[in-house]
Amino acid sequence: MKQAGRAGRKPQLGQEDLRRIERQLKRGPKAFGYRTELWTAARVGRLIEEECGVHYHPGHVWRLLRRMGWSCQRPSGRARERDEAAIAEWKRKKWPEIKKKPEKSGARSFSSTKAD
């Protein structure tokens, strides 16, 4: 008895292609002229197209990366110029002044489901 064949399209990239892409990814984005050290799906997609001549949608690029053992890493998003002491001071002095205060307890409810 014959087993069913592979479902879906055959992969456009072989194992050697994936190894070549991974070697290039390890070099980092700056080696390819990008200003930051962040690989985005669009950047990886361009790399795959340049290296292998295969165009992938950015959403599929992430699936390829996960299959290769790579994971999504997000930068912390904090400015290098961040002044932690000034932030702590602001939180201690200014925030309490501008923060909304709770209404007086016992205030009437305007809910239509609450009985008086």
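Read-outs: derived from the displayed coordinates by stated rules, not from any lab. Bear in mind the structure is a predicted one, so any value in this text is a computation, not a measurement. Using ideal geometry, Cβ is built from the backbone for each residue, glycine included, and neighbour counts are taken over all protein chains shown.
Miscellaneous remarks
- On inspection, ALA42 qualifies as small (Gly, Ala, Ser), under 30 Å from ILE21 (Cα atoms), part of a helix (DSSP H, G or I) and out of contact with any strand residue (DSSP E or B) (no Cβ under 8 Å at 6 or more places or on another chain).
- Count of residues meeting criterion [part of a helix (DSSP H, G or I) and loosely packed, with under 10 Cβ neighbours inside 10 Å] in region 45-74: 1
- So GLY77, is it closer than 16 Å to PRO11 by Cβ, free of Cβ contacts under 8 Å to residues at least 60 places away in the same chain and loosely packed, with under 11 Cβ neighbours inside 10 Å: no
- GLU97 vs. criteria assigned to a helix (DSSP H, G or I), of a type in the set (Asp, Glu), surrounded by fewer than 10 Cβ atoms within 10 Å (Cβ to Cβ) and out of contact with any strand residue (DSSP E or B) (no Cβ under 8 Å at 6 or more places or on another chain): yes
- Test: residue in region 2-14 that is part of a helix (DSSP H, G or I) and touching a residue at least 40 places away in the same chain (Cβ under 8 Å): no
- Scope region 29-42; condition more than 15 Å from SER71 (Cα to Cα) and either over 20 Å from the mean Cα position of the chain (by Cα) or surrounded by 12 or more Cβ atoms within 10 Å (Cβ to Cβ) (or both); matching residues: PRO29, ALA31, PHE32, GLY33, TYR34
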